[in-house]
1. Could you pull out the GluC sites (Glu not before Pro) across the stretch 135-234 that fall in loop regions by DSSP (anything but H, G, I, E, B) with no more than 16 other Cβ atoms inside 10 Å?
2. Tell me which trypsin sites (Lys or Arg not before Pro) from the stretch 38-91 have a DSSP coil assignment and no more than 16 other beta carbons within 10 Å of their own.
3. Where does the Debye-calculated log10 I(q)/I(0) of the stretch 7-213 sit at q = 0.10, 0.11, 0.18 Å⁻¹, using only Cα point scatterers of equal weight, no solvent?
4. Going by amide H atoms built from the backbone, whose H comes under 5 Å of the H on Leu142, apart from near neighbours?
5. Leaving ligands, DNA and RNA out of it, report the carbon-plus-sulfur percent of the accessible area of the stretch 7-213 at a 1.4 Å probe.
6. Do the alpha carbons of any pairs in Lys27/Lys182; Lys95/Lys223; Lys95/Lys124; Lys123/Lys218; Lys124/Lys258 sit beyond 29 Å of each other, and which pairs?
7. Could you tell me what % of all Cα pairs in the stretch 61-168 have separations over 22 Å?
8. As a test, work out the antiparallel percent of DSSP beta bridges whose residues both lie in the stretch 7-213, rounded to the nearest 5.
Amino acid sequence: MKKENSAASIFSWLKVNAQTSNLTLTKDVVGVVATLAKVESDDLSRILSEFLGLETMLAIVCSSYEGINALEKYDPEGLINCNGGLHGIGSSIGKRINGRFVVISLEDIRPFVGGFVANDPQKKLALPKPRLPNGECPPGFLDYAVNMIHLDSKYLSFLTDSGYGLRETLFYGLFSRLQIYKTRNEMLLALPCIHDGALSLDGGMIRGRGMFALGSRKDVEVKFPLISGGSDVPPNYIETEEAVRKLNWETSKLAADKHREQQLLDYRKGKLH
């Protein structure tokens, strides 16, 4: 909210404003990247947030392109209509969106399809551990970044129309196989098996093969929140979560099918007249 002239700030205002919470504008929006996950430590929060950068941390996540289309409108000349979409809402509350802002469509992200870790309540992705040339896992390797973020139960049960969750779409798209190590030295010793980048809790950063980020750490303005207290996942959550995910997906598909049938019916009625 402190980022007053950002799209994320205006969306956050909309989310907490009861009078506008049902706008078509926000119907397809899942949330802002920074609010969709939590992590266990401040060191992890800082390094993950710095890696993604402020623009991505403030990105608005939509289920599909339909949501993106609702956020910004254009006039016949192709210029932004400042009275429509988020720009219009911003104008009505005395805020103006400065520059560009990132919006992510989950349906257009290629998901991870390799399955999940067995019996894991967080539905972590079944990614093979990195291996050094001698076949051993590198010392200090903690996990992949995509598996070190924690999803609250409401986001664990979220599914796109294609049946994929946030971890295998959004966060795999953002982090891919980014590795996390305890220390910079351990990360550097693991270079032979680092392909999609790596981070260390003491500030080391490799953005990709051969791309090292040096210098002092940035003051991170927006970070992932920390997990507070115990897990909100009950003992029988795995079975319940599977049932909820399936039900939500089936309900979503049914609504989409109903909408298409209604459009077809309206079209046929129009042809008859």
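1. Hits after loop and neighbour filter: Glu136, Glu221.
2. Here the sparse-neighbourhood loop sites are Lys73.
3. -0.50, -0.59, -1.24
4. Here Ile180, Tyr181, Lys182 satisfy the definition.
5. 50
6. Over 29 Å Cα-Cα: Lys27/Lys182; Lys95/Lys124; Lys123/Lys218; Lys124/Lys258.
7. For the stretch 61-168, the fraction of Cα-Cα distances above 22 Å is 53 percent.
8. Here the share of antiparallel DSSP bridges comes out near 70 percent.
The values are calculated or read from the model by the stated rules, or taken from the named source; none is laboratory data. Keep in mind it's a predicted model, so treat the numbers as computed, not measured. Counting neighbours? That spans all protein chains shown, and the Cβs are built from the backbone with ideal geometry, glycine included. Just so you know, the surface numbers come from the protein's heavy atoms only, side chains and all, with ligands and any DNA or RNA stripped out. Shrake-Rupley method; radii C 1.70, N 1.55, O 1.52, S 1.80 Å.
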